[in-house]
Amino acid sequence: MLYKNPYNNYFDYVVQRDLDKCIRCKACVAQCSYGANFYDADRDVIYSTDANCVGCMRCSTFCPTDCIRIVRNPDTFRPNANWKDNNMKDLYKQAGTGGIIITGMGNDKPYTNYWEHMVIDACQVTNPSIDPLREPMELRTFLGRKPDRIEIDKKGDMTTKLAPQLVLETPIMFSAMSYGSINYNVCESVARAAKELGTYWNTGEGGLPKTLYQYGERTIVQCASGRFGVSPEYLGAGAAIEIKIGQGAKPGIGGHLPGEKVLEGISETRMIPVGTDAISPAPHHDIYSIEDLKQLIYALKEATHYEKPVSVKIAAVHNVAAIASGIARAGADIIAIDGFRGGTGAAPKAIRDNVGIPIEVAIAAVDERLRQEGIRNAVSLVAAGGFRSSSDVIKAIALGADAVYIATSALMSLGCTLCQQCHRGRCAWGITTNDPELAKRVNPEIGAERLVNLIQAWSNEIKEMLGLMGINCIESLKGNRDRLRGVGLSEVELTALGIQQAGM
Amino acid sequence: MGIKPSTPYGKDHGGCGLVGILDRAGRPVSGDMIVSSLCSMKERGNGLGSGYAVYGAYPQFRESFGVHVMYNDAAARGTVEALLKSKLELVHAEPVPVRKIHAIADPPEFWRYFVNPPAPVIEQGEDALDDLIVGTVMDINERIEGAYVVSSGKDLAVFKGVGHPDAIAEFFRMQDYAGHLLLGHTRFPTNTPGWWGGAHPFTILDWSIVHNGEISSYGTNRRYVEMFGYKCTLLTDTEVVAYLLDLLIRKKGLPLPAAAAVLAPPFWKDILQMEPAKRDYYTALRVSYANATLNGPFAILMGFSNGILGLNDRIKLRPLVVGRKGDLVAIASEESAIREVIPEPEDVWAPKAGEPIILTLKEGAPH
């Protein structure tokens, strides 16, 4: 059968080049890591292979004469409300390859975004707002198990000792991204930023390169189902340990690091051969039920002499509240919940876009459930999965989170444009690639500075918003759903979020 | 008739005036004194709520819990009395004596009950006994339509309602009462008008609270106390303060200064400069009871049979002044209110933001 795959023609982007403005500097050719731009020396013209373009904007950003426009391919299929472009293209791809479609970053489908349907309260007259430029405004956050009560003896001395806590100067941490899925320079950027900001970064499931042990006191080391890079030294190096059960972008399945990305340093850190796919199992094969999780939690606590809080990260799924309750009772000090808009370095597209629930409703449900059971204070709750701004963070805390994890936003501050090609290891922005030439595009010093800028900007916005609510410490916002109102939500959605309709 | 507002969640807004008078030697202070002091601050109220607490009001029943109940609906009385009798031993019941006056239109009905816990509960100790009273109060407030418990402490009388402080005093015949500790409050609400249950003081067991301010952390605080079985039913944020103090002091066993440090904790910048033992102490309090921190502007007086606590928010967004002469102490929103009862005080001072003022009866003082 003579057959040409329609996908070959119906590619996503077209690179338009204004040849009057083009000076043939070939920057676009050098910058494109996907081979979309090439120079024809005979004609002295730069052309593009549009089918290779991923829409990452690297070439147009670096074009000194601003002669490039990346536009959506106007050549489309016949419009069909049922069969959308991406349905058709994915189908053709699969018919051609027989493969599962892999993609990167988070769910990009137009599900309701509840952050955009919640508004924040402010003080007027009866209650003065507080000006953060003139009054102290406290964002310091403690994550870890809190005692049921503090004993004070007859002399007035405290006899209770606090369980180990993570101390954050701002309620924002960097979420798990493994070394390998992102390169060393990105890991170092994030680690340096965490240290400077007084927050934490998370190794993800890829281990911790020895040269980054110096950031250990600001590091959360992850222990996932593949146990990549897990050793006594590794567990001892961090400030806390996180057991990764699930990830918002791909609940119910394990991690995927394509062999193309497993180079020398990654191989050494993960303790696997160069070039092998690092596919961690879907479940932990020593955790088939909640009591097994409890054993792992306590095994890790034993291994680290009960000096570090243990976090358990799960994906937000339908029954998340009951699961979180079980995790709290199994001895976790922190529960991280990852919503379905969370990013990934590689995940089957069908799973990324269809499995899990939004973090907004998950955090509301978990916080409420733990309160009903009277165990909310026993654990800290960290929300993750799609935080785009300080206002998303504030709303999550008002719904009941103690802190949030961000990762996509962090990568964007390093240049990521959400082109969703992380799994290919050819990231033109030098982030999700281990190619030394490409990885050089991220400079850890500049990267750290940009991450610090971002978090400081958000923190200042959070302070402003706390001030306008008449609140001068972040703990008075936690679970304070009275300060939120819903706009444009159904009654059942309001109930799920535990908030009131605006105007009431 | 005081109609409970229809808003499904309630939070008080507005300014207020408050005063507390304590005789540290335990001598009774006449009800007239607190009335004249409070009335000197009429400017701070708008006639939509005033109230008084009198500690030492019922010497003849001092070993019994005195339960004051407000009835918006006369039909509720039978249900309340049946509930009280089913859980407790009823020693005495009577309507609260009132004077019908023009300034108080259509008041609800008030009754007071003196009750003793049944012997098996007494044997279980004080905590079980207090839990029984608290549980009964929560039951009435939450489950019995048209009935609200105004106070439930021993030897404690609380009178409150919709009206200016002089009118409420006349209505409840404040001149007939005296006690070693008196609290008064006049209210300037911007919502919940006409709701008698919304007037201060708010009480639970021995604690009574008067409050000027607005609690911005209300949602956090309310959801915290709800975890321990308290139910906020009176549609005002002050109620939650009473429950927080009961929780921290009675259930969590914190001494009063520690409880004050939880409600208005020192700033981290100050905690970090403390010597290590003190730093650990304040850190542990803040970290463990973060949900009990009160945010927003407030001046609070909390009465208990042995004394009074005065507390401001962490940046002192509401006034609070203390005056003293001999054993007589007064804490109020305005110095004028203090001078009304202590014309020539030996000391008058304004406590610092977040600094608790704790004044107790002298050792051996009768009360």
Averaged over B:310-316, number of beta-carbon atoms from partner chains that fall within 10 Å: 2
Virtual spin-label span in nm between A:Val487 and A:Asp292, 7 Å along Cα→Cβ: 4.7 nm
Selected from B:Thr283, B:Thr136, B:Thr236 as most flexible by GNM, with chain B as the system and alpha-carbon contacts under 10 Å: B:Thr283
What percent do you get for the relative contact order of chain A when only Cα pairs under 8 Å and 6+ apart count? 19 percent
Distance between modelled label sites at A:Lys84 and A:Thr276, nm, 7 Å Cα→Cβ extension: 3.9 nm
Give me the number: length gained by fully extending A:Tyr306 to A:Thr211, i.e. 0.36 nm times residue separation minus the C-alpha to C-alpha distance, one decimal in nm. 31.7 nm
Pairs B:Lys100/B:Lys160; A:Lys301/A:Lys463; A:Lys261/A:Lys440: which exceed 24 Å Cα-Cα? A:Lys301/A:Lys463
Averaged over A:137-145, how many beta carbons belonging to a partner chain fall within 10 Å of each residue's beta carbon? 3
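Quick check on the exposure proxy: order B:Tyr52, A:Tyr405 from fewest to most C-beta atoms within 10 angstrom.
Values: B:Tyr52 30, A:Tyr405 27.
Lowest to highest Cβ neighbour count: A:Tyr405, B:Tyr52.
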Of the range B:247-261, those with amide N under 18 Å from the point 7 Å along the Cα→Cβ vector of B:Trp349 are B:257
Chain A: equivalent-ellipsoid semi-axes (sqrt of 5 x gyration tensor eigenvalues, Cα, Å): 40, 27, 23
Centroid-to-centroid separation of the range B:261-276 and the range A:38-65 [C-alpha atoms, Å]: 59 Å
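Based solely on its DSSP helices, what 222 nm [θ] is calculated for chain B when runs of n ≥ 4 H residues each add -39,500 (n - 2.57) and the sum is averaged over all residues, nearest 500 deg cm²/dmol? Don't jump to the answer; show the numbers that get you there.
Working: 11 runs with 100 residues, N = 367.
The helix-only estimate for chain B comes to -7500 deg cm²/dmol at 222 nm.
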For labels at A:Ile120 and B:Gln60 in the simple 7 Å Cα→Cβ model, what's the distance in nm? 5.9 nm
Can you tell me what share of the DSSP beta bridges in the protein assembly as shown is antiparallel? A percent to the nearest 5 is fine. 75 percent
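May I ask you to derive the FRET efficiency for B:Arg99 and B:Ile358 from their Cβ-Cβ distance with R0 = 35 Å, giving the value to the nearest 0.05?
So the FRET efficiency works out to roughly 0.45.
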Rounded to the nearest 0.05, what FRET efficiency do B:Gln124 and A:Asp148 give with R0 = 22 Å and r taken as the Cβ-Cβ distance? Could you check? 0.55
Where a Cα-Cα gap under 19 Å defines reach, which lysines qualify for B:Lys362, not counting those fewer than 8 residues away within the same chain? B:Lys325
Out of every Cα-Cα pair in the range B:14-360, what percent are more than 28 Å apart? 39 percent
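Give the average, rounded to an integer, of partner chain Cβ atoms located within 10 angstrom of each Cβ in A:331-341.
0
Using packing as a proxy for protection, rank A:393-403, B:69-79 so that the peptide with the highest average count of other Cβ atoms within 10 Å comes first.
On the way: A:393-403: 26.9, B:69-79: 16.9.
Packing proxy ranking, top to bottom: A:393-403, B:69-79.
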Expected output is a single nm value to one decimal: the length gained when fully extending between A:Thr76 and A:Glu373, i.e. 0.36 nm times separation in residues minus the C-alpha distance. What is it? 101.5 nm
In the protein assembly as shown, if every C-alpha pair distance is counted and binned at 10 Å from zero, what percent goes to each bin? 2, 12, 20, 20, 16, 12, 9, 6, 3, 1, 0, 0
Restricting to bridges with both residues inside the range A:148-255, how much of the DSSP beta-bridge set is antiparallel, in percent to the nearest 5? 10 percent
Structure-based [θ]222 nm, chain A - -39500 (n - 2.57) summed over DSSP H runs of at least 4, per residue, nearest 500: -8500 deg cm²/dmol
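Using alpha carbons only, what's the Rg to Rh ratio of the range B:83-199 with Rh from Kirkwood?
Numbers: Rg = 16.0 Å, Rh = 16.1 Å.
A ratio of 0.99.
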Nearest 0.05, what FRET efficiency do A:Tyr111 and A:Asn8 give at R0 = 25 Å with Cβ-Cβ as r? 0.20
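Anything in chain B that counts as a DSSP H helix reaching 15 Å or more along its axis (C-alpha) with Kyte-Doolittle mean of at least -1.0? List them, would you?
Working: long enough: B:76-87 (17 Å, -0.19); B:126-143 (25 Å, -0.08); B:276-288 (17 Å, -0.81).
Counting only whole DSSP H runs, the qualifying helices are B:76-87, B:126-143, B:276-288.
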Please build a GNM for chain B, connecting alpha carbons under 10 Å apart, and tell me which residue among B:Gly179, B:Gly17, B:Gly219 fluctuates the most. B:Gly219
If you line up the long axis of helix A:184-197 against the longest principal axis of chain A, both from Cα atoms, how many degrees apart are they, to the nearest 10? 30 degrees
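Readers should treat all values here as calculations from the given coordinates under stated rules, not as data from a laboratory. Predicted model only: the values in this text are computed from it and were never measured. Heads up, the Cβs are rebuilt from the backbone with ideal geometry, glycines too, and the neighbour counts pull from every protein chain shown.
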